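These notes concern the structure reproduced below.
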Amino acid sequence: THWKHGGIVGVLGYGSGIIGRYSDLPDEFPGVEHFHTVRVNQPSGWFYTTQALRDLCAIWDEHGSSVLNVHGSTGDLIFLGTTTDQLEPCFAKPTAKGWDLGGSGSAMRTPSCCVGMARCEYACYDTMDLCYQVTQEFQFDMHRPSFPYKFKVKCSGCPNDCVAAVARADLSVIGVWKDDIRIDPAAVKAYAGGELKPRAGGTPYAKLDVKADVTDLCPTACMSYDGGKLSIDNKNCNHCMHCISLMPRPCASARDRRHL
């Protein structure tokens with residue numbers, strides 16, 4: 001492409017977090033002669049206050065293109081497009097408000113996680129706490145690249161893997177339960193008969209073919225349904241979450257949520 005990409009710019013004391021981009025046609029397109037990218041380390045679970053987002057947007061309006069990527073594949077909030085002379089002030093102002101740069105290059109990349117126990121009933125461990133602890137532990141490795149290649153850590157609270165840790169990380173931490181899946185026979189019957197209503201009331205959910213949509217699609221064939229009773233051979237369950245995701249009311253992950 002016409003972009004010359006590389007770590008040829010940065011801010012004082014950091015070897016990471018700024019991705020340098022220069023156009024090889026500066027005379028023809030002077031407005032994008034420089035278009036550097038700044039990675040901002042996101043909070044665990046991507047929880048922001050409205051004021052925090054307003055502060056970040058105001059800083060980027062002043063020092064960059066105003067174009068944001070929320071969020072990139074690493075997890076960072078990404079500022080897209082600024083010039084070399086604006087990098088230091090653009091870094092100093094978020095830092096003064098408690099923000100830091102993320103990772104880039106051959107370094108530990110910014111760890112990310114799902115919302116975990118903060119909002120999700122499926123979470124089997126505290127993803128936000130683990131993400132925070134890993135981020136603090138590897139600060140030096142995030143900001144001063146010394147690895148032979150990039151390294152990503154992502155934390156998902158359950159096998160639904162909402163941050164795509166398996167697909168997008170080098171170290172994927174997936175929470176699972178240790179005892180048996182709980183089954184509510186009355187709720188299974190309500191799903192199968194099209195009688196299950198939302199907790200807030202209203203029109204019942206559509207009738208579910210439990211055999212065709214749930215048990216026949218179990219990857220380890222550990223489930224059976226005879227038209228009335230749902231059974232699970234928990235010893236052969238691989239914790240894929242298929243049944244729980246389709247029928248969250250009658251099937252629930254176990255009470256023992258210590259991850260393996």
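The values are calculated or read from the model by the stated rules, or taken from the named source; none is laboratory data. The structure displayed is predicted, hence computed values, not measured ones. Here the Cβ is made from the backbone with ideal geometry for all residues, glycine too, and neighbour counts use every protein chain on show. For the accessible areas, the whole protein counts, side chains as well, though only heavy atoms, and no ligand, DNA or RNA atoms are used. Shrake-Rupley method; radii C 1.70, N 1.55, O 1.52, S 1.80 Å.
Some observations on this one:
- Among the conditions (1) surrounded by fewer than 20 Cβ atoms within 10 Å (Cβ to Cβ); (2) touching a Phe, Trp or Tyr at 6+ places or on another chain (Cβ under 9 Å); (3) closer than 17 Å to Gln42 by Cβ; (4) not β-branched (Val, Ile, Thr), the only one that Asp170 does not satisfy is (3).
- Inter-residue pairs, beta-carbon under 6 Å, first within 23 Å of Glu121 (Cα to Cα) and in the range 227-246, second part of a strand (DSSP E or B) and open to solvent by 40 Å² or more (accessible area, probe 1.4 Å), 6+ apart: Leu230/Ile183; Ser231/Ser224
- Any hit, the range 89-104, residues being touching a strand residue (DSSP E or B) at 6+ places or on another chain (Cβ under 7 Å) and surrounded by fewer than 18 Cβ atoms within 10 Å (Cβ to Cβ): no
- Residue match in the range 175-184 (condition: open to solvent by 90 Å² or more (accessible area, probe 1.4 Å) and either without any contact (Cβ under 8 Å) to a residue 24 or more places away in the chain or more than 30 Å from Cys131 (Cβ to Cβ) (or both)): no
- Tally, over the range 45-74, of residues that are more than 19 Å from Gln139 (Cβ to Cβ) and assigned to a loop (DSSP other than H, G, I, E, B): 9
- Here Ala190 passes the criteria (1) part of a loop (DSSP other than H, G, I, E, B); (2) over 30 Å from Trp46 (Cα atoms); (3) not acidic (Asp, Glu) except the one numbered (1).
- Selection count, the range 138-193, where residues are of a type outside the set (Lys, Arg) and farther than 17 Å from Tyr125 by Cβ: 27
- If you go through the range 189-219 and keep only what is under 20 Å from Asn160 (Cβ atoms) and exposed (fewer than 12 other Cβ atoms within 10 Å of the Cβ), you end up with just Pro219.
- The set of residues in the range 119-149 that are touching a helix residue (DSSP H, G or I) at 6+ places or on another chain (Cβ under 9 Å), more than 28 Å from Val9 (Cα to Cα) and open to solvent by 60 Å² or more (accessible area, probe 1.4 Å) comprises Arg119, Asp126, Asp129.
- Scope the range 228-256; condition open to solvent by less than 60 Å² (accessible area, probe 1.4 Å) and assigned to a loop (DSSP other than H, G, I, E, B); matching residues: Gly228, Cys237, His239, Cys240, Met241, Met247, Pro248, Pro250, Ser253, Ala254, Asp256
- Single match in Val153, Val163 (criterion: crowded, with 22+ Cβ neighbours inside 10 Å, in contact with a Leu (Cβ under 9 Å, 6 or more places away or on another chain) and at pLDDT 90 or above): Val153
Conditions tested, residue by residue: (1) crowded, with 21+ Cβ neighbours inside 10 Å; (2) under 24 Å from the mean Cα position of the chain (by Cα); (3) not assigned by the TED database to the domain that holds Tyr132.
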residue	(1), (2), (3)
Ser16	yes, yes, yes
Asp24	no, no, yes
Pro30	no, no, yes
Asn41	yes, yes, yes
Gln51	no, yes, yes
Ala58	no, no, yes
Asp61	no, no, yes
His71	no, yes, yes
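- Cross-chain or 6+ apart pairs with Cβ under 6 Å, the range 104-131 first and touching a residue at least 12 places away in the same chain (Cβ under 8 Å), then in a strand (DSSP E or B) and open to solvent by 40 Å² or more (accessible area, probe 1.4 Å): Met108/Phe151
Residues checked against (1) in the same structural domain as Pro145 (by the TED database); (2) of a type outside the set (S, T, N, Q):
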residue: Thr82; (1), (2): no, no
residue: Leu87; (1), (2): no, yes
residue: Ser112; (1), (2): yes, no
residue: Gly116; (1), (2): yes, yes
